[in-house]
1. On the protein heavy atoms, probe 1.4 angstrom, tell me the percent of accessible surface of the stretch 68-127 carried by carbon and sulfur.
2. Set Lys and Arg Cβ to +1 and Asp and Glu Cβ to -1, take the dipole of the chain about its Cα centre, and tell me which of THR186, GLY344, GLY388 lies farthest positive.
3. Taking a virtual spin label 7 Å from the Cα of ASP243 along the C-beta vector, which residues in the stretch 176-205 bring their backbone nitrogen under 11 Å of it?
4. Between their Cα atoms, which of LYS148/LYS192; LYS192/LYS273; LYS203/LYS524; LYS148/LYS261 are more than 31 Å away from each other?
5. Taking 2.2 N^0.38 Å as the expected size of a compact globular protein, what ratio does the Cα radius of gyration of the stretch 1-145 give against it, to two decimals?
6. So what is the diffusion coefficient of the stretch 261-348 in µm² per second by Stokes-Einstein at 4 °C and 1.567 mPa s, using a Kirkwood Rh over Cα pairs?
7. Describe numerically, in nm with one decimal, the distance between label points set 7 Å from Cα along Cα→Cβ at HIS545 and at ARG454.
8. Which of the lysines could be linked to LYS271 by a straight reach, that is with a Cα gap under 16 Å, when you skip same-chain ones fewer than 8 residues away?
Amino acid sequence: MRILLLCHAFNSLTQRLFVELTGQGHDVSVEFDINDETSIEAVQLFKPELIIAPYLKRAIPEIIWKNTISLIVHPGIIGDRGPSALDWAILTDQKEWGVTVLQANAEMDGGDIWASVNFAMRKATKASLYRNEVTEATVKAIKEAIQKIQQPGSAPLPLEQANAAGQQQPMMQQADRRIDWQRDSTATIIRKVQCADGFPGVKSKLLGSEVYLYDVHPAPGLNGQSGHIIGRNDNAICIATADSAVWIGHLKDKNNRHPFKLPAVQVLGEKIKDVPIINNEDPAGLQPIHYSAQDGIGYLSFNFYNGAMDSEQCLQLQQALIQARQQPTQMIVLLGGEDFWSNGMHLNRIEAAPSAADESWRNINAMDNLALEIIHTDAQLVISALNGNAGAGGVFLARAADEVWARQGIILNPHYKDMGNLYGSEYWTYLLPRHAGEEHAAKISQARLPMGVREAQSLGLVDKAVDVERANWRQQIQQLCKQYTNPGPGQPSIEQRLLHKRQRRAADEASKPLAQYRSEELEKMKRNFYGFDPSYHMARYNFVHKVPRSRTPLTLAKHRRRVQ
Ligand code: COA
């Protein structure tokens with residue numbers, strides 16, 4: 001079918017639908033819902049047989065839905081209506097939630113139902129539920145809806161005839177989310193922050209500043225005067241609650257010179273200089289980097305908020321890897337974070353630095369040092385195991401491992417071009433041809449589109465596509481690792497694999513040293529950071545400040561390419 005994705009932004013859910021529908025052979029184009037005129041024009045140009053609105057903030061113009069079947073993805077169970085569906089589901093501690101695909105009509109979220117898929121709720125942020133459970137349920141529901149639409153004579157179910165458990169709910173206000181530090185339990189506070197994370201955050205007053213809270217975690221064993229900041233680490237602050245304490249990793253202060261999400265310690269600055277430091281090694285400390293070992297296999301996770309890795313975090317991870325290498329293991333698995341494996345350099349921290357160019361330089365060098373450490377690990381086989389999405393430098397960092405295993409369903413964005421034509425580093429000019437071959441490397445580096453695991457595997461960006469539920473990922477990875485450490489007949493032993501790896505690395509180094517790849521890449525990056533062309537700095541500013549797009553990029557709006 002010819003399908004137009006009409007969306008407010010090309011977010012993770014829309015990217016996933018784009019990948020799935022394209023993979024099924026549909027002709028898919030994308031238009032950002034900027035105003036009625038452009039949306040109507042897009043429909044006239046593309047003449048879609050079906051419109052899908054996975055993420056919209058406004059109603060679809062009547063002239064569109066009256067003439068073309070338009071499906072609205074609502075992140076709520078049947079009967080649920082309103083713009084804060086997931087927020088309410090988290091705040092009211094629902095055990096089961098769902099996604100409903102409705103046919104657009106004159107009533108917002110009130111259309112007839114083509115499909116609905118429920119899922120078990122997980123204790124997680126709104127953004128995480130959206131990126132995972134909601135996305136999986138949407139893919140299923142949209143596939144079901146398309147199948148039905150293609151069957152002659154089938155029709156959607158009117159809401160009145162459906163078994164509606166949901167109801168109309170208002171837009172959630174800050175008053176609904178407000179934390180009562182004296183009375184609210186840790187569990188309640190966590191729900192309040194999580195239902196607003198990534199957007200809009202929970203407004204709260206801290207040390208006289210009105211800030212928005214994000215990135216909450218329990219701090220078991222810690223307590224103090226409710227509402228007071230009782231500790232900090234490098235990035236996060238610890239606030240006492242009525243029954244214990246919580247860690248808050250990120251804050252946004254709209255009145256700050258940098259009015260976007262930043263590590264809490266950076267936002268509060270001088271105000272918390274006397275707050276006691278709680279070591280990350282403390283059992284109640286926050287540990288974004290965590291190492292554990294089992295059956296001769298080391299697992300290194302790095303759960304950085306939004307997958308963004310600043311210079312210090314890269315250095316800490318590099319040190320953690322060096323330590324992991326000293327353990328008596330045969331394999332090291334780089335698990336990344338719970339939601340993202342990595343999204344590369346920390347653009348918000350760069351934006352807030354006194355010199356964005358200098359901080360970009362420091363950050364990319366720290367990423368490169370980490371990538372180099374991964375490549376140089378020669379006593380263990382290194383696996384990048386991607387249970388969450390990865391973007392830009394994060395994808396190439398993953399490729400620095402000997403093998404990349406990725407869960408079916410995650411999305412990769414292996415390109416830097418959208419960030420103002422950034423050239424990129426992380427040894428990608430070595431790693432891509434090495435693993436994908438010259439032809440595929442060229443294809444990957446020139447594309448600007450998201451990629452599913454199947455395509456990534458066919459291009460050599462991913463070695464193993466793992467078809468498993470997200471919750472069973474770790475278990476499955478352990479099983480797969482065992483097949484390497486205890487190989488069956490005809491399979492190479494770990495020692496053979498390691499010998500082969502060392503020989504291949506030595507041969508590659510002899511033909512062109514890694515230092516040369518790095519200096520060539522960094523020469524180009526230097527121009528991106530310090531040169532006359534400000535594209536990277538402008539793109540980063542727009543990204544961090546969330547400046548809305550004024551048009552759909554031609555890479556996505558293929559209907560507009562045709563008329564150019
Ligand atoms: N630095 C800082 N924040 C980042 C980030 C980065 N490198 N990558 C993503 N984020 C943040 C986003 O700002 C967003 O923040 P929010 O919590 O306020 O909403 C959140 O992570 C999720 O990102 P979003 O863009 O909404 O996710 P997506 O699934 O729609 O898109 C990407 C994924 C990777 C395509 C997109 O995030 C991106 O382009 N990131 C920048 C990658 C990059 O250029 N890195 C630098 C070069 S190495």
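The values are calculated or read from the model by the stated rules, or taken from the named source; none is laboratory data. It should be emphasised that the depicted structure is a prediction, and the values quoted were computed from it without experimental measurement. Neighbour counts run over all protein chains shown; Cβ positions are idealised from the backbone, glycine included. Please note that ligands, DNA and RNA were not included when accessible areas were found on the heavy atoms of the full protein model with its side chains. Shrake-Rupley method; radii C 1.70, N 1.55, O 1.52, S 1.80 Å.
1. Numbers: 1160 of 2100 Å².
Result for the stretch 68-127: 55 percent of the exposed heavy-atom area is carbon or sulfur.
2. Farthest towards the positive end: GLY344.
3. Only 184-189 pass the distance filter.
4. Numbers: LYS148/LYS192 38 Å; LYS192/LYS273 27 Å; LYS203/LYS524 42 Å; LYS148/LYS261 43 Å.
Beyond 31 Å between Cα atoms: LYS148/LYS192; LYS203/LYS524; LYS148/LYS261.
5. On the way: Rg = 14.5 Å, N = 145, 2.2 N^0.38 = 14.6 Å.
Computed over Cα atoms of the stretch 1-145, the ratio equals 0.99.
6. Details: Rh = 14.5 Å.
For the chosen part, D equals 89 µm²/s.
7. Modelled inter-label distance: 4.2 nm.
8. Output for LYS271: LYS205, LYS252.
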